[in-house]
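The values are calculated or read from the model by the stated rules, or taken from the named source; none is laboratory data. Quantities reported herein were computed from a predicted structural model and do not represent experimental measurements. We place every Cβ from the backbone using ideal geometry, glycine too, and count neighbours over all the protein chains shown. Quick note on the areas: whole protein, heavy atoms, side chains included, nothing else; ligands and nucleic acids left out. Shrake-Rupley method; radii C 1.70, N 1.55, O 1.52, S 1.80 Å.
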Amino acid sequence: MKKKGLFIIAFILVLGVAACDRAENRMGAGSAEDISDSLIVVNNLAETLSILDTQGKIHNDVQLTGSSPNAIVHDPPYIYVVNSLSNSLEVLSDIDLSIVGEISVGAGRNPMQAALIQKRMLAVTSFLTGCLDIVDIDTKKVARSIDLSGIELPRDVPEIRGKSYPYGVAVNAGKIFVTLANLTDHYGGLTAAGPGVVAVIDAQDFKIIGTIVLEGADPVFAQAYGSRVIIACAGHYEGDITKPQSSGFKGDGTIEIIETDSMQLSKSYDLKAAPFSFSISRDGILYASNAMGAQIPKINLTSDEITFLNLGGAYISSVLVVGNTLYVLDFSSDQLFALNSQGDIQAQYTVGDGPLAMLSLSDITVEGTIIPKLNVNPLIASPGIEINFDASPSLVPDGVYIYTWDFGDGQSDTGKTVKHAYLVEGEYTVTLTIKGEKGEERGQCLVKVVNASPFATQMIDYAPAPGQFIHNPQYNDPNKALGPPVGGTPLQPDNSSVVSLGGFGGSIILAFDHEVNDNPGAPDFIVFGNAQYDRAPLRFIEPGIVEISADGDIWYLIPGSSLVSFFGQPTYRKVEKYYPETDQTYSTYQLPSTIRDDIEDNQYLIWGYADLSPVLALPQGADITQFYNSPDNPLSVGIDPDTCGGDAFDIAWAVDPVTGESAHLTGFKFIKISTAVDGTLGGSLGEFSTEVDAVSDIDLK
Amino acid sequence: MVFLIFPTDLLADTIYVIASPAHEDSTDVPEEPTAFAQSIEVERLAARYETTEDVLKQAAGSHVRSMGGLGSYATISLRGSGSNQCLVLLDGQRLNSPSGGGVDLSKISLSEVERIDIIRGSDSALFGEGSMGGIVNIVTKIPEDHFQADLAATVGSYGTREIRGTMSSPCSDKLGIALTLSERSAENDYAFENNNGTENDLSDDFMDKRRNNAFEDTSYLAKVTVMLNAWDLKLSANGSNAQKEIPGIITFPTPRARQDFSLRNYNLATGGKLGKIALNMDFGRVDQSDTYRDPDAGLYSDTETQSDQLAFDIGYPLGPVRIKPGFSYLDESMHDNFVGHHRRITRSGLVTFDLNRVPFEFVSTLRYDDGSQFGSQLTYRAGVSYYVTDWLRFKANAGTGYRVPSFYELYYNHGFIVGNQTLQPEQSFSWDIGPAIEHKRFGISLNYFDHRYDDLIAYVLQSGLYYRPYNISRSVSQGVELYAWVEPLDWLKISGNYTYNRALDKSGEPNRDGNQIPGQPRNIANLQIDLNREVKGLMLGFYAAYNYAEGNFITWANTKKLDDRRIVSLGLSGAAGKKISLNLEVKNALDEHVMDMRGFPLEGRAYYITARTAF
């Protein structure tokens, strides 16, 4: 793997290390005073992310495509960035920060903040339209828009009526809490016309089930905390709103607590500050940001004591507690501070222009949340085939956990990784339960058992050559090549189910549970990778050689276009490469390191290899086996309509690698794919390494 | 060459030196560097359909940014300055509003323009505050020595319509009159690529149309010149009324926003000689009103400004030396529904010292301004030109400039912006030097320039999430301007210019210091080929123009950039004698979708037909 997400590739290793560190922290190896948890900072003016890596180094050049990013939300394995000027959500991988997708919420909406309703479903406040938008990440659509503009708002003075501007949002116990900034433009700019209001919406049917009038004005942030939802109100502006004059915040902001069940305001803390966000430590200390700068409010939620940390600065835009470290952003000076619990500065970094929000990649463990994540391969198998069940990607706080798998056929097992074979065809709901000292969480997935799977069901051998991704757990699980692929868009592959073969010669051998037969004159099987394609020459490919075998012993080669001369004579040769770092020798057929990617006579000069064409996402409502067996024409430009992408092959192409003569194969059961290019793109872009997502039998739909 | 009743415009002659363009009958890239200024003769562009902003867009060292389409807000910056740091004059009268901001060039219909003079460099000694990057003086048409009238009509893409008429006539040997009237309108409903706010996701992109972007205006000019023995008198009135729909930015459209604008300029100038002493006096008034309404956002603004200007100077020659002391009085006021009523007066004294002894020429001015708000400012300028041979010369200029804070910067107090009444003027210093080669068949001019801008007013985030301006920033702009033309055959001319502008922020702020200033392309180039040949009594013409501008950075951190602009325009013209001509043009022939400012797409390919008849 190399150039998918070129601009962030330099951080892949950094964040890879971060992921390992998180794992260590969960095992108790991390120090409570450690400030080296990787941290993501959203830079509103530069429209970038800054990364504080585990080595304490700051990286400021992770580019966002959207404009004026405001907020950031973690939904493993994704991160969502709310872009308020481009009216979009940017979806990034939380492993390598590659951009997985972008979702438009529509012109003129000015999205402010977002909260997860459930996995892949976000509640997004639409500041200018007075609505709460429900965004479905999978369909990339605003599934629903709830109009909050009709909610009655209290007034400070009778003659000036405010308008609802949805700002903060939090989800707790099946309810969505939306803060409505009750603002007026009476004197040109927007300022509070009265106390803020919180609208409560049922997270199932999205009906408004209540409203809560707050004590403070301009509520701008909400966060769930146990059985409560806590609101930050920035407060009023100075002066008389009936007169056209402005001089900034008055300093009457509040932090207010709402009981989720009763939907009642239970407490309000008056601050001489203008808080725009807050973060709560494990021992119940709330730290708030302050648009009036200088002082960081600190509230002991148990004793109700309010104190302040003096830091200076004009606009403390965000605070975040990670372990015992308080991270603070100063919007004006572009500084990130790391403070200890006494408020002493432990470290200071210059981040990007206009830092506004933060996300710690370990914040989930800080909040004590268990998020089960199932890695099951293959998801479609035949009876008797052993399926791999892996709970490693799950997110859990420090501690000891029991992983229990209910396979849905009356059988169960315990362990983070287990294997199981079904005996009877059918659809089985697999339930993973992760149980710890503080509770348990369940996750599910569906396994399909059919007579013969159209996808490879067994991983026979995985021999990755050295490469920058083969030690990354996200990309070195060969079982991910089993079962169906997970597609993306031509420009944005989904890398969640690929396995990297590493550099030149690295290989994988997969097997079907049946013989894949030759259908004369038509493609017979598809290999799915993670190539990207826009238009020539914007095509990012990492070709892999494909060999097939009926018995796993005698192998026949698919000679692609570059391995056949102009006169149709074979030019391929087997090449061996020795890697001193691993003291191993890998052999495969080699392609030139300078890959020709021209288009001539409306055909690719390169065809007949794996990982050349992008894989498309499964359309909504489509049958996964039908869709991923609709082959793209391997000789035509682009991805044909109504096909799934990937690289289709005809068994008849196979030749005897010694003689070059046609193998006259009628079918095969085993397939070997190996990285065919020996070379790098230089620098941090890394080597050419073929990735494999899946292999399918076209005729077995 | 057009013969003028007076050697050149009265005011232009009295205040600063504009050398005559070397090839003013040509139709090349309108850029003819002279020793101290450049002059663009608009008449030579008459066959084309151009706007004031189009013409200035092709001048070296300048960068014009438009929000898109005929009549859309367009401003100029020179040598890395902000648009509010360029002084734009109409017949010597200031168009820069005391309320602040740059001058909207789309206000000026090109039909009433005789020529445009550009002085690049800090030059407040000439016209006072505001000229930190340079000066653009738009000179309106002047009466000819014979009857001349023409009527032209243009129809074009996106509902563009324009009809313009001009008449110029001597009424007697002492009296001349010039009249122009034009009406322009456009729907500006051009298509653009809307990425739906998702730059990399091509699946939701669609072709959109610019909506609520129509424009119409009417402009007029009436000018009378009287010659009474040794005394000249000029009386002129011109103005325009414009109604614009304001479409907003792509991601935040304003479907019902409107802007109404009017400009009135009255001018009385007289000059003559008393023995060896030359006297000049000029009085002018510029009234501007600007209203903006967006009912959806509840926004309404109404600004009226008035500038009265009186200038008087006495020129006294002493052989090759001319000494010219002068005095000027400037009274500026504004009434605004947000900011209220404000007024300021500036009294100025200046002295110009010129030495012209071939092959050497030297010009200099020292100016003292006494403002009612900001006290005194002393500025100077000096320029030298030396002909090494009759075809090679070297020229150099140096000068200082300043800009006083606008009424908005001082007094605005709404929403997130609060003015600062302790602001002081911004300051600048610039110098440039370079050779020029002028030959019958070719010419080359090269300038190296260096501008320093100091005490720049920047909005600083304050406690309480509001911004306030302070004199805290600095910037520097260094670069090269190259102009070249070649005329290998009588009917063929190739001309072009290139500007390299390293405009860097020097604010000292992290993420900004040392970065290219947003909105300032580092590389700009224009190239044009003109063919003009008479075939069987028919004058046929063809031109091809190429405009390149490197994409602007749109973030101060230089993390994002607009696409480069590569615009090709083509035109064909045919004229039967001097009476009738027809012109066909394709602007942006390659249909490039570009923008000068984020969220404001510009037009794609557009066709224009212009018919013109002269009487």
Checked A:LEU423, A:LEU432 against criteria (in contact (Cβ under 8 Å) with a residue 40 or more places away in the chain and either in a loop (DSSP other than H, G, I, E, B) or surrounded by fewer than 13 Cβ atoms within 10 Å (Cβ to Cβ) (or both)); the one match is A:LEU423
Given (1) farther than 29 Å from A:SER38 by Cβ; (2) touching a strand residue (DSSP E or B) at 6+ places or on another chain (Cβ under 8 Å); (3) surrounded by fewer than 20 Cβ atoms within 10 Å (Cβ to Cβ), A:ASP261 misses just (2)
Q) Among the residues of the stretch B:260-270, is any within 14 Å of chain A (Cβ to nearest Cβ) and either within 30 Å of B:ASP208 (Cα to Cα) or part of a strand (DSSP E or B) (or both)? A) no
Kindly indicate whether any position in the stretch A:73-83 is within 14 Å of chain B (Cβ to nearest Cβ) and open to solvent by 20 Å² or more (accessible area, probe 1.4 Å). no
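Here is a yes/no grid of residues against (1) within 21 Å of the chain's Cα centre (by Cα); (2) open to solvent by 30 Å² or more (accessible area, probe 1.4 Å):
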| residue | (1), (2) |
| --- | --- |
| B:LYS209 | no, yes |
| B:SER219 | yes, no |
| B:SER240 | yes, no |
| B:SER262 | yes, no |
| B:LEU268 | no, yes |
| B:ILE277 | no, yes |
| B:PHE283 | no, yes |
| B:THR291 | no, no |
| B:ASP296 | no, yes |
Reported set for the stretch A:197-236 where residues are more than 17 Å from A:TYR165 (Cα to Cα), out of contact with any Ser or Thr (no Cβ under 8 Å at 6 or more places or on another chain) and of a type in the set (A, V, I, L, M, F, W, C) is A:ALA203, A:PHE206, A:ILE209, A:ILE230
All-but-one check, B:ASN213 against (1) buried (at least 20 other Cβ atoms within 10 Å of the Cβ); (2) in a strand (DSSP E or B), failing number (2)
Within the stretch B:474-515, residues over 30 Å from A:ASP218 (Cβ atoms), touching a strand residue (DSSP E or B) at 6+ places or on another chain (Cβ under 7 Å) and within 14 Å of another protein chain (Cβ to nearest Cβ) come out as B:ASP505, B:SER507, B:ASP513, B:GLY514, B:ASN515
Taking first residues from the stretch B:440-461 that are in contact (Cβ under 8 Å) with a residue 40 or more places away in the chain and within 14 Å of chain A (Cβ to nearest Cβ) and second residues anywhere that are of a type in the set (Lys, Arg) and buried (at least 18 other Cβ atoms within 10 Å of the Cβ), the pairs with Cβ under 6 Å that are 6 or more apart or on different chains are none
Quick check: anything in the stretch A:111-133 hydrophobic (A, V, I, L, M, F, W, C), over 26 Å from the mean Cα position of the chain (by Cα) and within 14 Å of chain B (Cβ to nearest Cβ)? yes
task: Evaluate the following for B:GLU534: is it over 30 Å from A:THR48 (Cβ atoms), of a type in the set (Asp, Glu), open to solvent by less than 50 Å² (accessible area, probe 1.4 Å) and part of a strand (DSSP E or B)?
output: no
Within the stretch A:473-495, residues among the small types (Gly, Ala, Ser) and either out of contact with any strand residue (DSSP E or B) (no Cβ under 8 Å at 6 or more places or on another chain) or within 14 Å of chain B (Cβ to nearest Cβ) (or both) come out as A:GLY487, A:GLY488
Note on the stretch B:106-148: residues farther than 21 Å from B:SER83 by Cβ and open to solvent by 10 Å² or more (accessible area, probe 1.4 Å) are B:SER111, B:GLU114, B:ARG115, B:LYS141, B:ILE142, B:GLU144, B:ASP145, B:HIS146, B:PHE147, B:GLN148
Screening B:PHE360, B:PHE312, B:PHE338 for residues that are within 30 Å of A:ASP185 (Cα to Cα) and either open to solvent by 50 Å² or more (accessible area, probe 1.4 Å) or in contact with a Pro (Cβ under 7 Å, 6 or more places away or on another chain) (or both) leaves only B:PHE338
Picking from B:TYR316, B:TYR329, the residue that is out of contact with any helix residue (DSSP H, G or I) (no Cβ under 7 Å at 6 or more places or on another chain) and modelled with pLDDT under 95 would be B:TYR316
Of the candidates B:THR160, B:THR180, B:THR154, B:THR198, the one satisfying the condition of being touching a helix residue (DSSP H, G or I) at 6+ places or on another chain (Cβ under 7 Å), under 30 Å from B:LYS578 (Cβ atoms) and open to solvent by less than 20 Å² (accessible area, probe 1.4 Å) is B:THR180
A careful count of residues in the stretch A:321-344 that are more than 18 Å from A:ASP283 (Cα to Cα), modelled with pLDDT under 90 and either open to solvent by less than 20 Å² (accessible area, probe 1.4 Å) or away from every other protein chain (no Cβ under 14 Å) (or both) gives 1
